[in-house]
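In what follows, a structure is listed as structure tokens, so that the remarks can point back to it.
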Amino acid sequence: MSGFTHLHTASGFSLRYGASHPERLVERAAGQGAGALALTDRDTLAGAIRFAKACMGTEGGTEGGGGVRPIFGVDLAVASYGEGARRAVRPRTPARGGAFVDESAPRVTFLARDGAHAWAELCRLVTSAHARGAGGAGSAGGVGEAGGPLDGSGPLSVAAPPVAGQPVAGPSVIGPPVVGRAALPADGLTVLLGPASEVGRALAAGRPDRAAALLAPWRELYGDALRLEAVDHGRPGAGPGSLRLAARTLGFAAEQGVRAVLTNAVRYADPGQGPIADVLDSARRLVPLDPRRSPLDTGERWLKGEGAMRETAERITSAAGLGRGAAARLLAETRETAEACRVDPVTDIGLDGIHFPEPYLVGADRRTAQRVLTSRAAAGMVLRGYDRDRAYWERMHEELDVIAHRGVASYFLTVAQVVDDVREMGIRVAARGSGAGSLVNHLLGIAHADPVEHGLLMERFLSKRRMVLPDIDIDVESARRLDVYRRIIERFGPERVATVAMPETYRVRHAIRDVGAALSMDPAETDRLAKAFPHIRARDARAAMEELPELKQVARDQEKYGRLWELVEGLDALPRGIAMHPCGVLLSDAGLMRRTPVVPTSGDGFPMSQFDKEDVEDLGLLKLDVLGVRMQSAMAHAVAEVKRASGAEVDLDAVPQGDPETYRLIRSAETLGCFQIESPGQRDLVARLQPATFHDLVVDISLFRPGPVAADMVRPFIEARHGRAPVRYPHRDLEEALKGTYGVVVFHEQVIEMIHIMTGCGRGEADRVRRGLSHPESRDRIREWFPLRAAARGYDAEVIARTWKIIEAFGSYGFAKAHAVAFAVPTYQSAWLKAHHPAAFYAGLLTHDPGMYPKRLLLADARRRGVPVLPLDVNRSAVAHRIELVSDGEDLGQARDRKGAWGLRLALSDVHGISEAEAARIEEGQPYTSLLDFWRRARPGRPVAERLAQVGALDAFGANRRDLLLHLSELHRAHRGSGSAASGGQLPLDDGDRTGSLGLPDLNEAERLSAELGVLSMDVSRHLMGDHQAFLDELGVVSAKRLREARHGETVLVAGAKVATQTPPMRSGRRVVFTTLDDGSGLADLAFFEDSHAACAHTVFHSWLLLVRGVVQRRGARSLSVVGRAAWNLAELAELRRAGGLDAVAARLAEGGPEEAAEEAEPGTGRRIRMETGYEMNPWADLQPPGEGTPTGRKLWHRSQGSAG
């Protein structure tokens, strides 16, 4: 083995400790000629798989290879072996909140030595350390003793008795996971006792006698596999990292007859990264950097080469007085220890293997899984009425042949079992992704749409040539997702099921906050700096300041913050936490916990693998994506409300196709809240495309993707669809494949079919070719292969060239039709609900918050569509939003003239700060006869009760809202004074149970609106722009409703409350900021191009109410947007109007106009990122893939990843 082998190395997966990625550590080791490298992260094996892959990529890296051989290990906190229990100390709660971080537990490094068994032992130790309750508190308990099973079904936080030498952890103490003593015996491991171990601490304290006593139990457990670890980081004194302690360790090892090894206890790959380690220490310990309290990193803990480590060995042995040759012996012992650690990533860990649940668990106990699958598919043919169609039988047998060839029948049966169980629970479930292209999936009930009817291809999902695991994603109601997880665990057993981890990495905002806290910056200033940036990578902080106009002010003050920006960029992409992946569930055989460490999630205690979704696929573990889709929950809630309120049963899976009202709604582009078609870009597209069939919806969803947009496919399709351009095909043989999209290639399946037809290679090979188009090297080979194969089949050069141009431009970029069909089903269903049951539809949306827009906009949309909005009322409102039949006599402005209209009753859960328990108590106690009755039986907290009063939820009790607030204050005072609410009889009452008036003036309209926005984040009683209407009329602002009549090219002023900002990738490579404003009459969509960013970007991102001057742009009868030229904060202008009159406002609008601002602006660099496919993208565009974002919650507008603010 050449070079020096580091046996103790932490990567960034040692959360807020290691400062380098595993790949960089391997790259550094390979550059130094090291033959092996150990990764020993603290408390985790999360980085092990990518570490192994990086090693395997270094010209070998496995047995017999010539690269860096991976050695696997872990650095764990262990229960103390110290004699006697020290008196438990409960630290005080920090005066200003937060927590104490207790890192006093001794730490030990374990290295896997003997193959697969040693890897399994590492997994067991990590699992034991993280098990909550007894194991987590550091006791002797293992997983089975940790207060409950790791299955999410029982509590995992049972308190354990204090451990000898460990403080009692209260709620204000944070500590590492600890391995209990009973879990420590392990075979096949080598153990390193270093400076952080109890033995090392005793030596640092000058107590070799105590060190010998503490060494004895370790020697008894591990015998010759025990090593003492010498480390010198140049620290003064005799503490960890000092030369004196390293020398004592070597002398002690010689005395005790225990072998010693040399390590550098590495925390980062490169010299100069010490300050990054200091910031990570500060973030982990929750204290600012202060050399007087805690020594800073010496800068020595980098991955040193052989020469530097030889010098270290000589220095330590010389200080220990061990004589000549001792340094060579120390290095030789280190090398021999590394040589003994042999775990092969492929054969021992299982990279590239496949592990499915045992067949008997999915009904294949007496027959093979393939035969059971065939029987179920045939039964599905009869059940769906396909049994008389020969084409369906042929397709089914073709697919079953592929499944048998790949040996994945158990996978299909497993997914089918999960889907059946979910349906049994009464939960909405649907398949998404390319799996919807499989007829077998459809026959098993996994996929809703018929793939034969929609022209979907199995080869896009699975083929004999597609050498990847099949991947079926299923959508379930988000509100029931965890119930589905529990059912899966119940079905397959906790030893076979785990959720998947998802590293949360440093991006610029988190990095600024942690570095600012470490440097003791003012928290308000740190927050301002963080919010100034869009959600970009930390490494791009200084580049963003140079190139983004909205960061111009921050860039001017760049030098003021010293090393802040360098440290921020140094944290880029390092893991800062681990969370449960929102959809990934592992399903394996009973050996799962021998392949992956499993830890309980916070809160629900679900078992979670420490590996992320890419890692588990490399391990060959079946990952089923169970996506919690909020739209599915919203539709389920809407259906339930229709049944509760009217008794009518609605089956969304059986709603009539081609419903005129539904398509009329979609064509109107009034699609707020509808799945997949509510964004500004989609509303514009449906307005231009004018869908009339389900196929049109499928096409619309496919066209609204970065690829088709970048390839300029949208315009030719719409032109051909509306007869404004002729339909052309590259060759008549391709007409069948392309006629459904007017000769324009839209779907992956069409590319596969074109390649198959023109080359005769088969669809499986055609899909492999399609995927190869995204890589320059393979694309060059395909460019040579395609003409030769096509020419051999008789196609002339012109046809070949024309077809190749289409395939090359689109093949790597398009969208699978199977995906689009799966998406189009809930799209149509949600639009059908909005058209036929609007009140229930909005009740579902507001309860489950599925879309990109804030709730206040959905409420405004409901008003515009004539749905009566019923205010919050403690006697009528439920925890969730409900529908009510509004009578003619009810005094509601929206409900007048609407006999028997269904209204939308606001929910208690929308009240800011209300707990689930409080909301449930209020609903359970209804009705209440008086304020006193409400106070006594509902028992709300005073803040919640006051918020309810402010928004009118207590109006039914009499008195005005200000009187009610005073009454609540008196009730609270009496309650605190007497210990009960019995003395509430002091309330003056009128008319029996009505609360008497105290003579205070009621809240005025502005105060009521302010209360609604503050308490509910919604303007309920009226639209917030109503307060500015007179001012907007003075300025000549055009309302969103009137804007529809504006001419193309007309300059207009528009205003409204911002509801969304986005910066999506554009075909031109330019950065365009899209903004949507709501003024109460409708929505105005705006686009700000690069030439306006210097004048507008900061205002657009950091203001809520906006006034914008722009030019109307029309692309069709219903397609309308405004190109913004200048933007102002409307709230500031309104204040200026009050203070200085209209002339002052006019002066403000006149100064710094768009042309002037554009001239003053520094020209941008025009930097572009050139993609492998040849297209260009602006580096600051949104990179988040399409799909569901996070809930908007109490946000007042949607911000995309590329938006600051």
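Read-outs: derived from the displayed coordinates by stated rules, not from any lab. Model, not experiment: these values are computed from the prediction. Please note: Cβ atoms are built from the backbone with ideal geometry, for glycine as well, and neighbour counts cover all protein chains shown.
Per-residue 3J(HN,Hα) values for segment 1103-1120, derived from phi via the Karplus relation 6.51 cos²θ - 1.76 cosθ + 1.60 with θ = phi - 60°, read 10, 9, 9, 10, 10, 10, 9, x, 10, 6, 10, 10, 10, x, 4, 10, 8, 8 Hz in sequence order (x marks Gly and Pro). Its relative contact order, with pairs defined as Cα atoms under 8 Å and 6+ residues apart, puts segment 507-573 at 45 percent. Got the relative contact order for the chain handy, in percent, Cα pairs under 8 Å and 6 or more residues apart? Relative contact order, the chain: 8 percent. You can think of it this way: the chain between Asp1002 and Asp187 has 285.8 nm of extra reach, that is 0.36 nm per residue less the Cα-Cα gap. For Ile578, the residues 5 or more places off, or on other chains, whose built amide H falls under 5 Å of its own are Glu504. In terms of its C-alpha gyration tensor, segment 465-579 has a prolate overall shape, because the principal axis ratio a/c (a ≥ b ≥ c, square roots of the eigenvalues) is not below 1.5 and a/b outweighs b/c. Amide H contacts of Val598 (H built 1.01 Å from N, in plane; Pro and chain starts excluded): Thr127 sit under 5 Å, all sequence-distant by 5 or more or on other chains. What the Cβ-Cβ distance of Ser520 and Glu311 gives, at R0 = 41 Å and to the nearest 0.05, is a FRET efficiency of 0.65.
Modelled spin labels at Arg715 and Met467, positioned 7 Å past Cα toward Cβ, are 4.3 nm from each other.
Between Val101 and Arg664, the simple label model (points 7 Å from Cα in the Cβ direction) yields a spacing of 6.2 nm. Highest mean packing comes first when the peptides 319-328, 189-198, 583-592 are listed by Cβ atoms within 10 Å, giving 189-198, 583-592, 319-328. Compute the Cα gyration tensor for segment 697-855, then decide on rounded, prolate or oblate, letting a ≥ b ≥ c be the square roots of its eigenvalues: rounded whenever a/c is under 1.5, prolate when a/b is larger than b/c in the other cases, and oblate in all that remain. Prolate. With R₀ set to 45 Å, the beta-carbon distance separating Asp450 from Val1111 gives a calculated FRET efficiency near 0.45.
Please label the shape of segment 232-321 as rounded, prolate or oblate, based on the square roots a ≥ b ≥ c of the eigenvalues of the alpha-carbon gyration tensor (a/c under 1.5 means rounded; beyond that, a/b larger than b/c means prolate, else oblate). Because a/c hits 1.5 or more and a/b exceeds b/c, segment 232-321 counts as prolate. Helix content alone sets the calculated 222 nm mean residue ellipticity of the chain: runs of n ≥ 4 DSSP H residues at -39500 (n - 2.57) each, divided across all residues, give -12500 deg cm²/dmol.
Here the gap between Ala404 and Glu614, fully extended at 0.36 nm per residue and compared with their Cα-Cα distance, gives a gain of 73.1 nm. In a fully extended conformation the segment linking Arg976 and Arg390 would gain 203.0 nm over its present Cα-Cα distance, using 0.36 nm per residue.
Can you list which of the GluC sites (Glu not before Pro) found in segment 906-947 are DSSP loop residues with at most 14 other C-beta atoms within 10 Å?
none
Relative contact order, percent, of segment 709-805 when contacts are C-alpha pairs under 8 Å separated by at least 6 residues?
Rounded, it is 20 percent for segment 709-805.
For Leu1149 and Ser1068, the FRET efficiency from 1/(1 + (r/R0)^6), where r spans their Cβ atoms and R0 equals 30 Å, is about 0.50.
With a simple spin-label model that places each label point 7 Å from the Cα along the Cα-to-Cβ direction, the separation between Ala648 and Arg324 comes to 10.0 nm.
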